[in-house]
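Data first, discussion second: the structure below is written as structure tokens.
The values are calculated or read from the model by the stated rules, or taken from the named source; none is laboratory data. Since we're looking at a predicted model, the values are computed, not measured. A quick note on method: Cβ atoms are made from the backbone with ideal geometry, for glycine too, and the neighbour counts reach across all protein chains shown. Ligands, DNA and RNA are stripped out before the accessible areas are found, and what is left, the full protein with its side chains, is counted by its heavy atoms. Shrake-Rupley method; radii C 1.70, N 1.55, O 1.52, S 1.80 Å.
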Amino acid sequence: MTDSPASGRGSLPSDPNDLSVTIVDGYVDEPAHFGVPPYISTYPRYTAGALVDAGVPESRITYHTIDELRDDRSKRADVANADLMVYVGGMTVPGKYVGGTPAEPDEVRELGWTADGVTLLGGPVRFGVGEENAGAQETERDDLDYDFVAMGDVEAAAYDLVREGLEGFGNRMRDNAEIDRWAEKGAFVVEQHPNHPDYLICEMETSRGCAYRCSFCTEPLYGSPAFREARSVVDEVDALSDRGVRHFRLGRQADILAFGGDGEAPNPDALRELYGGIREVAPDLRTLHLDNMNPVTITDYPEASREAIRVIAAHNTPGDTAAFGLESADPVVQEQNNLLVTAEECLEAVRAVNEEGGWRPGDGPETTPGPDDRVTGPSTGPDASPRLPKLLPGINLVHGLAGERPETYEHNKRFLQTVYDEGLMLRRINIRQVMAFAGTEMAETGADIAQEHKDQFQAYKKEVRETVDNPMLDRVVPPGTVLPDVHLEYHQDGKTFGRQLGTYALLVAVPGERELGTAIDVAITDHGYRSVTGVPYPLDVNAASMDELTAIPGINRSKAGDIVVGRPYGSVAEVDSGVADLSRFAVADDVDVPIPGRERAGSGPGPAARSLLDRRDGSSVGRGD
């Protein structure tokens with residue numbers, strides 16, 4: 001991979017005020033950084049801020065996502081005509097995505113060919129690209145025919161190119177003092193994102209890099225952790241909030257518990273300053289979530305960790321997930337890949353997060369399992385409040401690592417079953433196959449083991465989904481749980497699918513084809529392996545469709561027909577619904593219903609569904625026709 005001009009195209013205007021720049025976001029997915037819509041990563045924001053800091057006016061900077069350029073090819077003129085085109089993207093972990101499709105290498109190369117000006121490539125793409133964005137892949141470094149490839153930070157490279165000209169390009173890493181400036185100066189670019197403002201969540205960096213060296217992970221390639229000051233992160237949130245952002249995730253770090261400390265021990269006061277400051281400058285925020293938490297920190301510093309988790313749970317919004325990098329419960333794999341945490345240690349960390357963060361808004365000390373003077377978790381069973389828990393752990397498992405054997409799958413299944421059998425909750429179980437990148441120890445092993453074990457991996461993954469994921473989801477999101485502000489994204493098979501904004505948001509299916517791009521509150525009625533179904537909350541029993549009524553547990557089509565014939569009702573109590581408890585899902589007519597832990601009442605069914613709804617007089621009409 002080259003890191004100097006590949007084609008010798010032109011030069012940049014000497015006056016930054018005359019410079020036109022187009023930033024193309026091909027999306028990123030890294031162990032500790034995410035930027036696929038509805039997320040926007042730090043890369044385009046910090047790059048825009050660096051350009052402004054170097055003297056480029058905001059009005060001369062254009063931002064496009066790769067999906068925008070696919071959907072409207074006329075926007076590629078902005079790529080062709082820019083003096084400087086900056087591409088940011090790259091996937092170092094595999095995933096499946098609903099809100100956007102990451103750029104493939106051939107698309108990135110075509111953008112470079114399209115640009116008439118100078119081209120700069122950066123982000124995790126610098127670590128390498130594979131044939132596709134998937135697991136069990138080997139990668140190689142490739143300049144993709146760009147003039148410059150930022151092997152350091154793309155934002156620093158952009159700044160240096162503008163300030164010093166083409167000869168000033170270098171592969172340096174930016175420092176926190178620069179991020180203090182660039183994070184605020186680049187906030188304006190979010191207004192150019194097609195999801196802005198309602199369906200956009202900003203990934204926030206509290207630190208990057210990792211002191212540990214797991215064999216497959218690219219995060220250590222950023223060096224040892226470099227922690228930002230709480231005030232710097234809060235000021236960035238303030239700037240983004242001023243630009244209309246209401247959803248934030250503290251996801252750019254290897255371990256949120258280490259923030260503000262010595263790199264290992266938790267500092268609850270620093271987290272209190274961080275979270276409290278965010279709440280102060282963005283009082284109207286709708287989402288405040290995190291991503292990574294190191295289970296070893298919890299087992300090494302249990303009391304400080306528990307206090308820190310309580311701080312997070314007191315300030316965050318429900319449905320938050322702390323991803324644990326167990327990676328493998330097999331001691332052989334752990335030893336051969338420098339994995340830090342044992343299965344027993346990880347289980348202890350799962351218990352701690354369940355106890356300190358696994359309560360639900362609306363719970364009281366009398367309904368949760370801890371002491372009488374405070375609310376604790378895990379909050380399960382019929383007395384639990386009908387909301388998602390505040391903070392739960394997630395488990396990451398990686399396959400195809402050195403030392404993997406048939407027993408590895410049994411170790412992992414045993415660990416997950418133990419978590420379930422103890423009555424604990426996991427918000428997410430992420431099972432994937434490794435991607436091998438240059439600079440990591442897995443570069444030597446490659447994807448050979450993952451490819452050899454692919455059939456066994458698929459069978460094991462299916463078994464986990466059926467035996468653990470399915471009952472676990474029923475425990476975390478039982479029928480009657482209310483999910484506020486589900487954003488509707490697409491139609492399929494007569495249903496509308498959507499998600500809340502947040503970390504690893506659940507995919508929710510609602511009967512009928514509703515207006516996309518809107519948000520409704522949903523009461524959960526059933527669940528699958530990793531998704532749920534529900535009805536608009538509160539459902540008006542006097543206007544609900546047959547499909548909506550039969551989605552409620554205990555109501556078949558015959559009973560739904562009886563409910564329709566008996567309309568209108570003055571209250572839900574008048575409905576003879578047999579075994580069904582309609583009070584968890586429905587009201588009669590337009591009635592405000594409070595949602596525990598939220599000041600606003602339930603928003604009701606929202607925009608009308610395009611499905612046949614039964615009128616009180618027994619006739620049918622298409623709602624929205």
Task: Unique match (being modelled with pLDDT under 90, open to solvent by less than 10 Å² (accessible area, probe 1.4 Å) and either under 24 Å from the mean Cα position of the chain (by Cα) or not basic (Lys, Arg) (or both)) among 218, 206 - done: 218
TODO: Check residue 408 against each of (1) open to solvent by 20 Å² or more (accessible area, probe 1.4 Å); (2) more than 27 Å from residue 97 (Cβ to Cβ) and name the one condition it does not meet.
DONE: (1)
Open item on the list: Which residue is surrounded by the most Cβ atoms within 10 Å (Cβ to Cβ), if the candidates are limited to segment 16-46 and must be modelled with pLDDT of 95 or more, out of contact with any strand residue (DSSP E or B) (no Cβ under 6 Å at 6 or more places or on another chain) and not aliphatic (A, V, I, L, M)?
Closed with: 45
- [ ] Could you tell me which of the residues 567, 557 is open to solvent by less than 20 Å² (accessible area, probe 1.4 Å), out of contact with any Pro (no Cβ under 7 Å at 6 or more places or on another chain), at pLDDT 90 or above and not hydroxyl-bearing (Ser, Thr, Tyr)?
- [x] 567
TODO: Considering (1) surrounded by fewer than 18 Cβ atoms within 10 Å (Cβ to Cβ); (2) at positive phi; (3) in contact with a helix residue (DSSP H, G or I) (Cβ under 9 Å, 6 or more places away or on another chain), say which one residue 331 fails and leave the rest.
DONE: (2)
TODO: Starting from residues that are closer than 21 Å to residue 18 by Cα and basic (Lys, Arg), keep the ones in segment 138-196 and report whichever is most open to solvent (accessible area, probe 1.4 Å).
DONE: 163
TODO: Go through (1) in contact with a strand residue (DSSP E or B) (Cβ under 8 Å, 6 or more places away or on another chain); (2) at pLDDT below 95; (3) open to solvent by 10 Å² or more (accessible area, probe 1.4 Å) and name the single condition residue 317 misses.
DONE: (2)
Open item on the list: Being under 18 Å from the mean Cα position of the chain (by Cα) and farther than 13 Å from residue 288 by Cβ is the filter here; which residues of segment 313-333 pass it?
Closed with: 322, 323, 324, 325
- [ ] Test residue 73 against the stated conditions and say whether it is out of contact with any Ser or Thr (no Cβ under 8 Å at 6 or more places or on another chain), surrounded by fewer than 20 Cβ atoms within 10 Å (Cβ to Cβ) and of a type in the set (Lys, Arg).
- [x] yes
Open item on the list: Can you go through 378, 382, 371 and tell me which one is without any contact (Cβ under 8 Å) to a residue 60 or more places away in the chain, open to solvent by 50 Å² or more (accessible area, probe 1.4 Å) and in contact with a helix residue (DSSP H, G or I) (Cβ under 8 Å, 6 or more places away or on another chain)?
Closed with: 371
TODO: Being over 28 Å from residue 352 (Cα atoms), in contact with a Pro (Cβ under 8 Å, 6 or more places away or on another chain) and open to solvent by 30 Å² or more (accessible area, probe 1.4 Å) is the filter here, so list the residues in segment 421-470 that pass it.
DONE: 456
TODO: Scan (1) surrounded by fewer than 24 Cβ atoms within 10 Å (Cβ to Cβ); (2) farther than 28 Å from residue 360 by Cβ; (3) not small (Gly, Ala, Ser) for the single condition residue 301 breaks and write down its number.
DONE: (2)
Open item on the list: Against the condition surrounded by 22 or more Cβ atoms within 10 Å (Cβ to Cβ), under 20 Å from residue 324 (Cα atoms), in contact with a strand residue (DSSP E or B) (Cβ under 9 Å, 6 or more places away or on another chain) and not charged (D, E, K, R), how does residue 473 come out, does it pass?
Closed with: yes
